[in-house]
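Read through the structure below, which is laid out as C-alpha cells, and then see the notes.
The values are calculated or read from the model by the stated rules, or taken from the named source; none is laboratory data. This is a predicted model, so every value here is computed, not measured. Note: ideal-geometry Cβ built from the backbone for every residue, glycine included; neighbour counts use all protein chains shown. Side chains are part of the model used for accessible areas, which takes the heavy atoms of the whole protein and leaves out ligands, DNA and RNA. Shrake-Rupley method; radii C 1.70, N 1.55, O 1.52, S 1.80 Å.
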Amino acid sequence: MAREIQITFDCGDPAKLAAFWAEALHYRLDGPPPGFESWEQALDAWGVPPERRNDASAVVDPDGSGPRLFFQRVPEGKQAKNRLHLDLRAAPGLSDEARMAALESEADRLVAHGATRLHRQDPAPPLHFGHLIMADPEGNEFCLD
C-alpha cells in the first residue's frame, strides 16, 4: 500500500501562498474541520487570537487523488535556491511549438496570480522538450513542464 504524503511549505503568508497554489494546481482551500461551518467558527471556538489566524493554511485536490499542500508561517524568509521543487505538467502530450505555446499561456495565467517568470529552456531534442522555470509569490521555484 502506498503511503499518503503531504507537501509542506515554510512561508511568511500562508493564506496568500495557499491561494496561489490552489489556483496553480486547480485545487481548493481545505475545508473546516467536522462540526464547524467555517474556519473562523473553528478558530473562534478554539480561542485562536486574530494575530495567529494566518499561521497555517492548506489546499487539497478536489478529486482526492493529489497530495495535500500545507503552508506554515515561519519567521525567516527564503534563504537559497530550493533543493526540491514542483513540476506542473502544463502541456501533456504536446511537443515543439505547441508545447511551448501552452507553457507560455500557463505562465501568463500564473503571473497574473503572483508568480514570476525566471527562465525559459527551449526544446533541445532528443532529451529536452522545453520548460519554463517560475517562482511562486514567495520566491519558491517551480517548473512548467
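Below, the figures for the structure above:
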quantity: Counted charge near LEU94, where neighbours are those whose Cβ lies closer than 13 Å (Asp, Glu -1; Lys, Arg +1); calculated: -3
quantity: Heavy-atom surface of the chain, accessible at 1.4 Å and reported per residue (Å²); calculated: 64 Å²
quantity: Antiparallel %, DSSP beta bridges [both residues in the chain], to 5; calculated: 65 percent
quantity: Within the range 1-76, trypsin sites (Lys or Arg not before Pro) in DSSP loop having at most 10 other beta-carbon neighbours inside 10 Å; calculated: ARG3
quantity: Accessible surface of the chain, 1.4 Å probe, proportion on carbon and sulfur as whole %; calculated: 54 percent
quantity: Per residue convex hull volume, Cα atoms of the range 1-115, in Å³; calculated: 162 Å³
quantity: Listed residues GLY64, GLY114, GLY130, most fluctuating in the chain (Gaussian network, C-alpha, under 10 Å); calculated: GLY64
quantity: Rg and Dmax of the range 1-50, Cα atoms only, in Å; calculated: 13.6, 41
quantity: Degrees separating the helix 14-25 axis from the principal Cα axis of the chain, which is the longest one; calculated: 40 degrees
quantity: Of the GluC sites (Glu not before Pro) in the range 83-145, those whose Cβ has at most 12 other Cβ within 10 Å and which sit in DSSP loop; calculated: none
